[in-house]
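Here's the structure, in structure tokens; my notes come after.
The values are calculated or read from the model by the stated rules, or taken from the named source; none is laboratory data. Owing to the predicted nature of the structure, the values given are computational and were not obtained by experimental measurement. Note that we place each Cβ from the backbone using ideal geometry, even for glycine, and neighbour counts take in every protein chain shown. Side chains are part of the model used for accessible areas, which takes the heavy atoms of the whole protein and leaves out ligands, DNA and RNA. Shrake-Rupley method; radii C 1.70, N 1.55, O 1.52, S 1.80 Å.
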Amino acid sequence: MASLPEAVQKPVTLGERVRAARHALAMSQAQLAGDELTKGFISQVEAGLVRPSLRSLQIIATRLGRSLDYFIGDESLAGAKRRVFHRLAAQAAIERRDWAAVRHEAMAALAQQAQGPERATLLRYLAAADAAEGKREQAFERLAEAMSLVDANSDATELAQLLAARGVLYVEHGQLAAGAESLESARDVMEQREITDPRLRARTLVHLGTVYRRLHRTVKALATYELALAVASRSSELRLAAQSYMGVAVALYDAGELDGAIGNYQRALGLFERVSDTAIELSVMQSLATVQFEHGDMTAARETVDRCGERAALAGDLRVGAIVDVLRARITLEEGDADGALRLAHAAEERLADFGDHRQQADALRVAAAAAHSRGDHASSDESYRKAIELLASIEDHPDLSTLAAEYAQKLRARGDLESAFAYLELARDPAASRPRS
């Protein structure tokens, strides 16, 4: 059968579409090229010998009165490459905690018809952005959809990622038992399927250790934190190299070199898997110090706090530095220096308020309240306790609220204020109830 004339054949490749759109406007290759491009370049594009950069293609599209999508929208190979690029870019944005970029890149990849496990991964990225922006219900919905798309046998790593993300979300929502169950499931999947990703394992173990600690399973928390610390690796040089690869990837993408962009993002992410995750390391150390303190090992707790403080200072992490000072204040109070503990706790509380970290701010207030009580300053102690309780109630952190209310009730009872003590004991028993009036 004879082929259809060019005028009625449906253009398929990018070059064919450029040529067809140019012929439709009775435009020559030289006219299309204009001052920015050359006739030879247009000829090579139409012949499929070169692929124009995004900038060059935008010039061509504008002159032909067509959208960019007209030239590349239906090209399956180009679409797949663009999808991969945006997925990797979203993953890299998570490394930077740039949630606006995560959302933009993930949505761009989903628009390229991502399916199955790849779609699940993108939904997980969007759920992370939702959670960071306080949109917890939306995050749960995205994770539920993502989990329906993965197979436990063929997509074990993604399943573990999703279970861990769901566990963290449960914990942030105050549902510690559900969070522990989901994080334990993630850990079990990694062990059963022999998933060796050190960052995923370390992060999962950190969160699991935190849940154990908040559930007062001290021995399990300590063992889990120590395992997480052993898994985490360190190398700041690799992080710098990874960031450089990310920069190259973006530049190549802007130039239309999708294969090169993808390759560089893959190199960057490969290095990130080997690089030191300072956030994980600091989280492990501050949690480990808390467990050591609660276990009564003041010497070990002090050493871990000092080590964590040094690492936080080197990393320029002011928030963790403030949290470390709260731990240091708690140890200082235990050692009998109430004045020193009060100074540390108040300074840390102000910094944590600036960061908007209400849970840690409440912890600082708790230490300040205990220190003021130790000094006999009951008015200041009451003020700090009640402010901490109000903060925990505002974020619906019921487990910590229950513990704090019970502690405050004991202080009130010791002072003979039995009516107020009873009210806070009731709050400890039912932390979802209204806060007692001051």
Of those in the stretch 143-156 that are open to solvent by 60 Å² or more (accessible area, probe 1.4 Å) and in a helix (DSSP H, G or I), the residue nearest to Ala120 (Cα to Cα) is Glu145
Among residues of the stretch 67-91 being closer than 14 Å to Ser53 by Cβ and more than 32 Å from the chain's Cα centre (by Cα), the residue modelled with the highest pLDDT is Phe71
By residue number, the members of the stretch 142-173 that are free of Cβ contacts under 8 Å to residues at least 60 places away in the same chain, over 20 Å from Gln91 (Cα atoms) and not small (Gly, Ala, Ser) are Asp151, Asn153, Tyr170, Val171, Glu172
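Residues to consider are Ala338, Ala388; find the one that is open to solvent by less than 70 Å² (accessible area, probe 1.4 Å) and within 36 Å of the chain's Cα centre (by Cα).
Details: Ala338 fails: within 36 Å of the chain's Cα centre (by Cα).
Just a single option satisfies the conditions, and that option is Ala388.
Of the residues that make up the stretch 182-199, is at least one outside any helix (DSSP H, G or I), open to solvent by 60 Å² or more (accessible area, probe 1.4 Å), over 26 Å from Asp400 (Cα atoms) and not hydroxyl-bearing (Ser, Thr, Tyr)?
Let us first name the residues in the stretch 182-199 that are outside any helix (DSSP H, G or I), namely 193-197.
Then drop every residue that is not open to solvent by 60 Å² or more (accessible area, probe 1.4 Å), which leaves 193-194, 196.
Then drop every residue that is not over 26 Å from Asp400 (Cα atoms), which leaves 193-194, 196.
Checking the rest, the ones that are also not hydroxyl-bearing (Ser, Thr, Tyr) come to 193-194.
Checked against the condition, which is being outside any helix (DSSP H, G or I), open to solvent by 60 Å² or more (accessible area, probe 1.4 Å), over 26 Å from Asp400 (Cα atoms) and not hydroxyl-bearing (Ser, Thr, Tyr), the stretch 182-199 yields at least one hit.
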Of Arg330, Arg307, the only residue that is modelled with pLDDT of 90 or more and among the basic types (Lys, Arg) is Arg330
Residue count, the stretch 1-25, condition exposed (fewer than 11 other Cβ atoms within 10 Å of the Cβ) and at pLDDT 90 or above, comes to 0
Looking across the stretch 94-141 at residues that are in contact (Cβ under 8 Å) with a residue 40 or more places away in the chain and either in contact with a strand residue (DSSP E or B) (Cβ under 7 Å, 6 or more places away or on another chain) or not hydrophobic (A, V, I, L, M, F, W, C) (or both), the single one that is least open to solvent (accessible area, probe 1.4 Å) is Thr121
Is the stretch 399-414 home to any residue that is modelled with pLDDT under 90, surrounded by 18 or more Cβ atoms within 10 Å (Cβ to Cβ), in contact with a helix residue (DSSP H, G or I) (Cβ under 8 Å, 6 or more places away or on another chain) and charged (D, E, K, R)?
yes
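Scan the stretch 361-370 and give yes if some residue there is assigned to a helix (DSSP H, G or I) and closer than 17 Å to Leu288 by Cα, otherwise no. Break it down stepwise before answering.
First, pick out the residues of the stretch 361-370 that are assigned to a helix (DSSP H, G or I): 361-370.
Subset that is closer than 17 Å to Leu288 by Cα: 363.
Scanning the stretch 361-370 turns up at least one residue that is assigned to a helix (DSSP H, G or I) and closer than 17 Å to Leu288 by Cα.
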For the stretch 330-354, pairs from a residue that is touching a residue at least 60 places away in the same chain (Cβ under 8 Å) and farther than 18 Å from Asp306 by Cβ to a residue that is open to solvent by 30 Å² or more (accessible area, probe 1.4 Å) and in a helix (DSSP H, G or I), with Cβ under 8 Å and 6 or more apart or across chains, are none
Of (1) more than 26 Å from Leu318 (Cα to Cα); (2) surrounded by fewer than 20 Cβ atoms within 10 Å (Cβ to Cβ); (3) at pLDDT below 70; (4) out of contact with any Ser or Thr (no Cβ under 7 Å at 6 or more places or on another chain), Glu273 fails just (1)
Note on Leu427: of the conditions (1) within 22 Å of Leu176 (Cα to Cα); (2) of a type in the set (A, V, I, L, M); (3) modelled with pLDDT of 95 or more, unmet is (3)
The residue from Gly321, Gly376, Gly356 that alone is over 24 Å from Ala421 (Cβ atoms) and at pLDDT 90 or above is Gly321
Matching residues in the stretch 362-371 (open to solvent by 10 Å² or more (accessible area, probe 1.4 Å) and either under 22 Å from Arg311 (Cα atoms) or of a type in the set (Lys, Arg) (or both)) number 2
Counting only residues in the stretch 341-361 that are aliphatic (A, V, I, L, M) and more than 21 Å from Gly134 (Cβ to Cβ), the one surrounded by the most Cβ atoms within 10 Å (Cβ to Cβ) is identified as Ala345
Residues in the stretch 33-57 that are open to solvent by 20 Å² or more (accessible area, probe 1.4 Å), at negative phi and at pLDDT below 80 total 6
Across the stretch 162-172, the tally of residues that are at pLDDT 95 or above and open to solvent by less than 50 Å² (accessible area, probe 1.4 Å) stands at 5
